[in-house]
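**Student:** Below you'll find the structure I mean.
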Amino acid sequence: MELWFTEQHTPNVRFSIKVDKQLFSENSEFQRVDIFDSAEFGRFLVLDGRIMLTEKDEFIYHEMITHVAMCVNPAIKKVLLVGGGDGGTARELLKYDTIEKIDLVEIDAVVVEACKKFIPQTAGCLDNPRVNIFIEDGLKFIRRVENEYDLIIVDSTDPFGPGEGLFTKEFYGNCSHALKADGIMVNQHENPYYQKDAVAMQRAHKRIVNSFLISRVYQCHIPTYPSGHWLFGFASKKLHPVEGVDFRRWKNLNLQTKYYNTKLHRGAFYLPSYVEKLLREVEEN
Amino acid sequence: MGIEYLNQERAPILEALEKMKAARLVPFDVPGHKRGRGNHELAEFLGQNCLDVDVNSMKMLDNLCHPVSVIRDAEKLAAQAFGAANSFFMVGGTTSSVQAMILSTVKPHEKIILPRNVHRSAINALILCGATPVYVNPQVDENLGISLGMKTSEVIDAMNKNPDARAVLVNNPTYYGICSDIENLTAAAHSHGMKLLADEAHGTQFYFSSKLPKSAMSVGADMAAVSVHKSGGSLTQSSLLLTGENINTGYVHQIINLTQSTSASYLLMSSLDISRRNLALHGEEIFSGVIELTEYARNEINSLGGYYAYGKELIDGDAVFDFDTTKLSICTLPIGLAGIEVYDILRDEYDIQLELGDIANVLAYISIGDRKKDIERLVSALADIKRNYRKDPSRLLKMEYIDPIVDATPKEAFYAQKKSLPLEETVGETAAEFLMCYPPGIPVLAPGERVTKEILDYIRYAKKKGCQITGPEDMTINRLQVIRDIGK
């Protein structure tokens with residue numbers, strides 16, 4: 001018997017993982033939530049047919065969405081995590097003793113519960129008293145928040161599902177308002193390779209550029225995401241992601257990471273020419 | 001046909017189209033695209049399912065000009081579902097329904113009583129039939145800059161002064177959701193021997209919810225034009241004309257056939273049939289959902305501050321006899337922006353398209369197809385706009401309604417000898433054409449009405465703020481045709 005999970009990366013491209021067994025499946029109010037177990041990638045979470053994380057490669061995404069901003073400003077105390085119900089990003093944030101509070105706003109309670117039960121590698125941290133979970137639409141949560149957070153991480157699904165509202169000008173505008181003067185926003189920024197995703201990436205970038213003075217994009221490599229090449233956005237009203245950053249300070253914290261390091265931090269902001277061109281196109285008009 | 005066939009779970013036109021498809025006919029009739037085979041690009045764009053049923057009338061599909069089988073049955077089911085004596089499927093938009101109501105009830109030189117804030121389609125009907133309008137001025141809410149309903153006493157006054165009028169037209173509701181007292185107006189019209197016509201372009205939902213204002217048919221009105229395509233979910237341009245017990249349907253049919261296409265679209269007709277079934281079976285639940293969603297949006301928007309999303313608190317028992325809570329109208333003046341400015345910012349900067357923006361309000365159309373997360377986007381965008389774009393509100397105009405001075409009937413003015421003048425030189429002249437912001441499509445100036453400085457100021461202001469002005473032959477709206485030698 002062979003059981004394969006297949007994700008449609010584009011109408012013409014498929015990505016498959018051989019499945020050992022299915023651990024969970026439920027249609028929530030917002031999406032279909034599945035968790036599978038596999039030999040190659042361990043357990044993996046799938047929302048509406050799209051892989052969100054696998055136990056084997058999740059460290060790349062979660063480290064890169066967290067440590068870049070934390071290295072730029074180690075004084076961060078209050079963090080808003082939009083999405084991220086799997087707990088991976090919260091786990092990375094909790095490595096910093098200086099963080100006082102993490103408000104995690106996840107729209108779908110089923111994701112949180114399923115991950116707690118089947119993917120403790122990421123969700124095990126969600127009972128930590130520094131993590132406050134709100135089951136709510138992030139767009140709604142942020143509307144009335146003002147000058148509150150040092151860091152907002154948008155750990156969302158792609159812009160074609162329940163996460164749609166998190167790729168909009170109204171969301172980024174409200175984020176900017178919810179951040180303190182030296183606040184940072186980091187968002188998962190899609191892949192620049194497949195056309196449909198690249199267009200979504202450009203639109204998001206344009207909206208962020210309109211709402212923040214400083215807006216840069218950095219990259220990493222994630223084996224199980226479409227095209228394998230993934231981008232993140234770094235936006236701030238004040239702090240530059242590389243210039244003036246005291247990298248030694250972060251090194252002195254002696255945190256254990258598998259992917260992130262300070263050399264990579266600097267390098268991640270050097271982008272391929274075609275990606276630079278895509279970004280420039282929307283920055284200029 | 002027995003009772004079993006004519007029940008609301010059936011959809012006669014849909015069923016006939018399914019049978020027609022299964023019969024695999026060789027089409028030697030129009031349309032010439034022959035199920036899309038002759039126009040691949042169109043089939044690719046609209047989808048094969050669509051072109052498979054873009055067919056002409058034939059025996060098994062009946063004929064809208066003379067319905068005797070499936071269309072007649074679908075119309076009967078619609079009449080039943082809407083509580084009317086009869087219904088007509090209309091394929092020329094609710095414009096065609098409104099015109100059929102008026103042409104069916106008034107003849108040349110006869111009078112019709114109507115509020116001046118009617119849609120242009122009603123005044124167009126007066127140009128076609130040559131009837132004389134007797135306007136009842138709608139009340140105006142000064143703060144919101146919207147016209148309201150008609151005071152019952154003023155309409156009755158107009159009936160007493162014009163006992164020869166044949167019909168009364170009522171908006172039920174207005175674009176903004178305001179209802180006049182249609183029940184008492186119907187009773188008054190009938191006691192004066194007049195027909196009561198309802199423009200229900202924005203009122204489909206009234207027929208399927210116990211939580212909303214009364215529908216025209218439920219209070220015994222004679223005719224109603226219902227835009228099923230607006231809140232009822234059918235395709236754009238499809239509409240229903242409903243008639244009560246005392247209307248001669250044969251005559252109405254003749255009137256409709258004067259201007260209706262003899263190649264009525266089965267896409268439009270099947271969409272009416274399918275939507276009627278859905279509304280009849282699930283309407284109460286659907287509109288409860290819409291009401292809940294709209295109330296949620298209203299509360300969220302009002303709690304942002306700086307916007308006023310109005311609701312039932314406007315009800316005063318007269319000019320605002322009732323309010324349609326599925327309408328989400330938002331006054332934007334407190335943040336110093338005209339409605340049309342917020343409308344433009346939402347579209348250009350936030351990718352959110354609203355139904356309309358006038359000089360004081362925006363209107364978001366909430367319907368059967370809306371989702372909570374989209375409401376969150378709208379509310380969040382309004383919050384962001386308030387922070388980033390707000391201005392000093394003191395320089396904004398409010399007024400939406402200007403009392404008309406009528407020099408000639410719409411038909412006299414339309415067909416009169418005309419001259420074209422630069423807009424700014426037309427003060428004191430009698431207009432021979434319409435001037436309006438679209439949407440909402442309510443004329444600021446109708447043919448036969450005197451041009452005043454106030455009207456030109458309003459148009460200039462609306463144009464500057466970005467309203468789309470329509471009506472005149474001159475598409476640039478720099479010139480207006482007026483009547484030559486009005487003899488006043």
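The values are calculated or read from the model by the stated rules, or taken from the named source; none is laboratory data. What you see is a predicted model; the values in this text were computed from it and never measured. Glycine gets a Cβ as well: all are built from the backbone with ideal geometry, and neighbour counts include every protein chain shown. Accessible surface areas use protein heavy atoms only, side chains included; no ligands, DNA or RNA. Shrake-Rupley method; radii C 1.70, N 1.55, O 1.52, S 1.80 Å.
**Student:** Within the bounds of the range B:354-365, is there any residue that is free of Cβ contacts under 8 Å to residues at least 24 places away in the same chain, touching a Ser or Thr at 6+ places or on another chain (Cβ under 9 Å) and open to solvent by 30 Å² or more (accessible area, probe 1.4 Å)?
**Tutor:** no
**Student:** Just one of the numbered conditions (1) more than 21 Å from the chain's Cα centre (by Cα); (2) within 25 Å of B:SER227 (Cα to Cα) is not true of B:ASP351; which one?
**Tutor:** Among (1) more than 21 Å from the chain's Cα centre (by Cα); (2) within 25 Å of B:SER227 (Cα to Cα), B:ASP351 violates only (2).
**Student:** Let me ask something additional. Which condition from (1) at pLDDT below 95; (2) touching a Ser or Thr at 6+ places or on another chain (Cβ under 6 Å); (3) not small (Gly, Ala, Ser) is the one that A:GLU190 breaks?
**Tutor:** (2)
**Student:** Could you list, in sequence order, all residues of the range A:134-174 that are crowded, with 22+ Cβ neighbours inside 10 Å, within 18 Å of A:LEU231 (Cβ to Cβ) and of a type in the set (A, V, I, L, M, F, W, C)?
**Tutor:** Hits for the range A:134-174 are A:ILE152, A:ILE153, A:VAL154, A:LEU166, A:PHE167, A:PHE171.
**Student:** Can you find a residue that is hydroxyl-bearing (Ser, Thr, Tyr) and touching a Cys at 6+ places or on another chain (Cβ under 8 Å) anywhere in the range A:154-167?
**Tutor:** No, the range A:154-167 contains no residue that is hydroxyl-bearing (Ser, Thr, Tyr) and touching a Cys at 6+ places or on another chain (Cβ under 8 Å).
**Student:** Can you name every residue in the range A:153-197 that is assigned to a helix (DSSP H, G or I) and among the aliphatic types (A, V, I, L, M)? Even if it seems obvious, please write down each step before you answer.
**Tutor:** Initially, the range A:153-197 is screened for residues assigned to a helix (DSSP H, G or I), giving A:162-167, A:169-178, A:195-197.
Within the range A:153-197, A:LEU166, A:ALA178 qualify.
**Student:** Here's something else I'd like to know. Does the range A:57-70 contain at least one residue that is part of a strand (DSSP E or B), under 23 Å from A:ASN128 (Cα atoms) and open to solvent by 10 Å² or more (accessible area, probe 1.4 Å)?
**Tutor:** Scanning the range A:57-70, I find no residue that is part of a strand (DSSP E or B), under 23 Å from A:ASN128 (Cα atoms) and open to solvent by 10 Å² or more (accessible area, probe 1.4 Å), so the answer is no.
**Student:** Shifting gears a bit: Considering only the range B:378-411, state which residues are touching a residue at least 40 places away in the same chain (Cβ under 8 Å), charged (D, E, K, R) and closer than 19 Å to B:ASN302 by Cβ.
**Tutor:** Those that are touching a residue at least 40 places away in the same chain (Cβ under 8 Å), charged (D, E, K, R) and closer than 19 Å to B:ASN302 by Cβ: B:LYS386, B:ARG390.
**Student:** Here's something else I'd like to know. Out of all the residues in the range A:81-95, is one or more outside any loop (DSSP other than H, G, I, E, B), away from chain B (no Cβ under 14 Å), of a type in the set (Asp, Glu) and touching a residue at least 24 places away in the same chain (Cβ under 8 Å)? First the steps, then the outcome.
**Tutor:** Initial filter on the range A:81-95 (outside any loop (DSSP other than H, G, I, E, B)): A:81-83, A:88-93.
Add one more test, that the residue is away from chain B (no Cβ under 14 Å), and what stays is A:81, A:88-93.
If we keep only those that are of a type in the set (Asp, Glu) as well, we get A:92.
Remaining after also requiring touching a residue at least 24 places away in the same chain (Cβ under 8 Å): A:92.
Yes, the conditions are met somewhere in the range A:81-95.
**Student:** Which of the residues belonging to the range A:199-220 are surrounded by fewer than 19 Cβ atoms within 10 Å (Cβ to Cβ) and touching a Leu at 6+ places or on another chain (Cβ under 6 Å)?
**Tutor:** Hit for the range A:199-220 is A:GLN202, nothing else.
**Student:** Just checking, which of B:SER239, B:SER234, B:SER270 is within 16 Å of B:LEU77 (Cα to Cα) and free of Cβ contacts under 8 Å to residues at least 60 places away in the same chain?
**Tutor:** B:SER234
**Student:** With the condition kept exactly as written, say whether any residue in the range A:142-152 is assigned to a helix (DSSP H, G or I), within 22 Å of A:LEU93 (Cα to Cα) and at the interface with chain B (Cβ under 10 Å from one of its Cβ atoms).
**Tutor:** Step one: filter the range A:142-152 for residues assigned to a helix (DSSP H, G or I), giving A:142.
Next, from what is left, pick out any that are within 22 Å of A:LEU93 (Cα to Cα): A:142.
Next, from what is left, pick out any that are at the interface with chain B (Cβ under 10 Å from one of its Cβ atoms): A:142.
The answer is yes; a qualifying residue exists.
**Student:** Of all residues in the range B:316-349 being in contact with an Asp or Glu (Cβ under 7 Å, 6 or more places away or on another chain) and of a type in the set (A, V, I, L, M, F, W, C), which is least open to solvent (accessible area, probe 1.4 Å)?
**Tutor:** Going through the qualifying residues, I end up with B:ILE340.
**Student:** Please list, ordered by residue number, the strands (runs of 3 or more DSSP E) wholly in the range B:37-143 having 1 or more residues that are surrounded by fewer than 22 Cβ atoms within 10 Å (Cβ to Cβ) and not charged (D, E, K, R).
**Tutor:** The qualifying strands (runs of 3 or more DSSP E) are B:86-90, B:132-136.
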